[in-house]
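The following block contains the structure, expressed as structure tokens.
The values are calculated or read from the model by the stated rules, or taken from the named source; none is laboratory data. Remember, it's a predicted structure, so these values are computed and weren't measured experimentally. As a convention, Cβ positions derive from the backbone with ideal geometry for all residues, glycine included, and neighbour counts pool all protein chains shown. Quick note on the areas: whole protein, heavy atoms, side chains included, nothing else; ligands and nucleic acids left out. Shrake-Rupley method; radii C 1.70, N 1.55, O 1.52, S 1.80 Å.
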Amino acid sequence: MKYRTIALDLDGTLLNPQKKILPESLQVLSQARQKGINVIIVTGRHHVAIHPFYQALDLDTPAICCNGT
């Protein structure tokens with residue numbers, strides 16, 4: 001099976017207890033993007049609240065946020 005998309009929640013999944021993305025996660029997700037895999041944030045947070053994480057991941061994909069924003 002070939003994966004085309006990785007969809008990640010933030011709290012309890014991508015973020016550690018200090019609300020940071022681990023360097024290893026940044027590296028692996030960057031490698032996935034270089035291979036053509038889409039990385040998408042899916043969260044209950046407001047779209048404004050995910051902006052720093054979206055930037056840290058250097059994403060250009062849509063994000064699924066609270067109430068569909």
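Quick one: net charge of residue 42's neighbours, Cβ under 12 Å, K/R +1, D/E -1? Mind dumping the intermediate values first?
Working: positive: 45; negative: 9, 11.
Every neighbour counted, the sum reads -1.
Over the chain, give the accessible area per residue in Å² for a 1.4 Å probe, as an integer. Could the numbers behind the result be given before it?
Details: 4840 Å² over 69 residues.
Per residue, the chain has an accessible area of 70 Å².
Just going by the charge dipole of the chain, with Lys and Arg at +1 and Asp and Glu at -1 on Cβ, which of 61, 36, 21 is farthest out on the positive end?
36
Using Cα positions and a limit of under 18 Å, work out the lysines in reach of residue 2, with same-chain residues fewer than 8 apart set aside.
Excluding near neighbours in sequence, the set is 35.
Per DSSP H run of at least 4 residues, take -39500 (n - 2.57); add these up for the chain, divide by its residues and hand me the 222 nm value, nearest 500 deg cm²/dmol.
On the way: 2 runs with 22 residues, N = 69.
Theoretical 222 nm ellipticity from helices: -9500 deg cm²/dmol.
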